[in-house]
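Below is one structure, written out as structure tokens, with a few remarks after it.
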Amino acid sequence: VATYLRLAYVAYVCSRLPLSAVYVHRQLPPCRSKCYTSLRDPFDRLALASVILTSTHPCVLGHARGAGQHTMRERTVCADNTALVEELRRRGVIQSEKVERGMMAVDRGNFASIPQMAYMDAPSPIGHGATISAPHMHAYCLEALSPWLTPGAKVLDVGSGSGYLAAVMATLVQDRGSKAPGLVIGVEYIPTLVEAALQSAERDPTSRPLLDAGILQLRVGDGWQGWPESAPYDAIHVGAAAATVPQALVRQLAPGGRLVLPVGLDGQEQVLTVVDKDYTGHVKTKGLFSVQYVPLVHRNEA
Ligand code: SAH
């Protein structure tokens, strides 16, 4: 209840504040693009302000906590997708040519619902309480999975939401014309989000041919169950925090494969976790750093 009251209060205050006040309050650097002043729609202003002001709350998903270098101060709004990717590269979040190539190829602006937030390093709402994760979180997860994202690989993206990350991974695993053309399956439990993600992918010139070729597939399903039909997967990403590592996903991981997921309860400490399965089927788990994601819900809670 306290949380909702706090959010309601923040929403009320934000709707009366000019955004500049919000930025000053959080001691953010002056905005570099026109986004800052171009938000005319009060709803957009509210959404942006809420994300900024409530960024320590777990309902705002997908950003790394603490650790200095990833604080709100570092959030900038870039002019376009290229500038955003270059900024992440400059900050050392993107480290490999492969991740840079993938994130350059898919325009985040085609997947974000609030255009003014598309090129900002922050999560932004996509409806139904879900958000497209912050670009730096996408980059970290892609880096963690990078050696597994090879042409012809099979990948599962659980809690695929906007479809953006699934599309980026599909560009990296595609090997059209070969016997194993590559496959990324996004699984999302809210059907309207899957619909919207499919429309976004159709709009995106890089993603559309991957959809048409069946290399990128976005499905409605319960992520706790994975997607057994196409298992095993070389790489699995989960975009929502699971209270415990879902055993179905570990089973669906190929020998030698890697699973990256946030683990922890809603509102409590969550850790971005890597699960590696060796060729004998033995599993090793390692925590990377603290994060905040929305929960991977159980179907009976949905
Ligand atoms: N990587 C996505 C993250 C979306 S937010 C992106 O950047 O767009 C996390 C998503 O997980 C939400 O869309 C939410 O609806 C979904 N989700 C939560 N529980 C789920 C479950 N049990 N099965 C499938 N999807 C789930």
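The values are calculated or read from the model by the stated rules, or taken from the named source; none is laboratory data. All of these numbers come straight from a predicted model, not from anything done at the bench. Note that each Cβ is placed from the backbone with ideal geometry, even for glycine, and that neighbours are counted across all protein chains shown. Just the protein is used for accessible areas: all its heavy atoms, side chains included, with ligands, DNA and RNA removed. Shrake-Rupley method; radii C 1.70, N 1.55, O 1.52, S 1.80 Å.
Note down, for the range 211-302, the three equivalent ellipsoid semi-axes (square root of 5 times each alpha carbon gyration tensor eigenvalue), biggest first, whole angstrom.
Details: eigenvalues 89, 68, 27 Å².
The equivalent ellipsoid of the range 211-302 has semi-axes of 21, 18, 12 Å.
Probe of 1.4 angstrom, ligands and nucleic acids ignored: what's the accessible area per residue over the range 140-191, in square angstrom? Walk me through the intermediate numbers first.
Details: 1540 Å² over 52 residues.
About 30 Å² of surface per residue is accessible.
Less than 27 Å apart at the alpha-carbon level, and either on another chain or at least 8 residues along: which lysines does that give for Lys154?
Lys98, Lys179, Lys277, Lys284, Lys286
How far apart, in nm, are the 7 Å Cα→Cβ label points at Ser290 and Ala243?
2.2 nm
Roughly to the nearest percent, how much of the accessible area of the range 136-291 is carbon and sulfur, given a 1.4 Å probe? Intermediate values should be presented prior to the final figure.
Working: 3200 of 6030 Å².
Result for the range 136-291: 53 percent of the exposed heavy-atom area is carbon or sulfur.
Work out how much length Asp278 to Glu143 would gain on full extension: take 0.36 nm times their residue separation and subtract the Cα-Cα distance, in nm to one decimal. Intermediate values should be presented prior to the final figure.
Numbers: separation 135, 0.36 × 135 = 48.60 nm, distance 1.94 nm.
Extra length from Asp278 to Glu143 when fully extended: 46.7 nm.
Ala213 versus Thr192, label points 7 Å from Cα toward the beta carbon: distance in nm?
Result: 3.4 nm between the two label points.
Sorted from largest to smallest, which semi-axis lengths in Å does the alpha carbon gyration tensor of the range 136-291 give for its equivalent ellipsoid, taking the root of 5 times each eigenvalue? Write down the numbers at each step before the final one.
Details: eigenvalues 108, 68, 37 Å².
Taking √(5λ) for each Cα gyration eigenvalue gives 23, 18, 14 Å.
Of the peptides 84-93, 156-165, how do they stack up when ordered by the mean number of other Cβ atoms within 10 Å, highest first?
Numbers: 84-93: 18.2, 156-165: 29.4.
Highest mean packing first, the order is 156-165, 84-93.
What residues of the range 169-209 lie in the reach of a label at Lys98, counting those whose backbone N is under 11 Å from a point 7 Å from the Cα along Cα→Cβ?
172-173
For Pro209, what is the net charge nearby, where nearby means another residue's Cβ is under 11 Å from its Cβ and Lys, Arg count +1, Asp, Glu -1? Before the final figure, lay out the partial values.
Working: positive: Arg176, Arg208; negative: Glu202, Asp204, Asp212.
Cβ neighbours under 11 Å give a net charge of -1.
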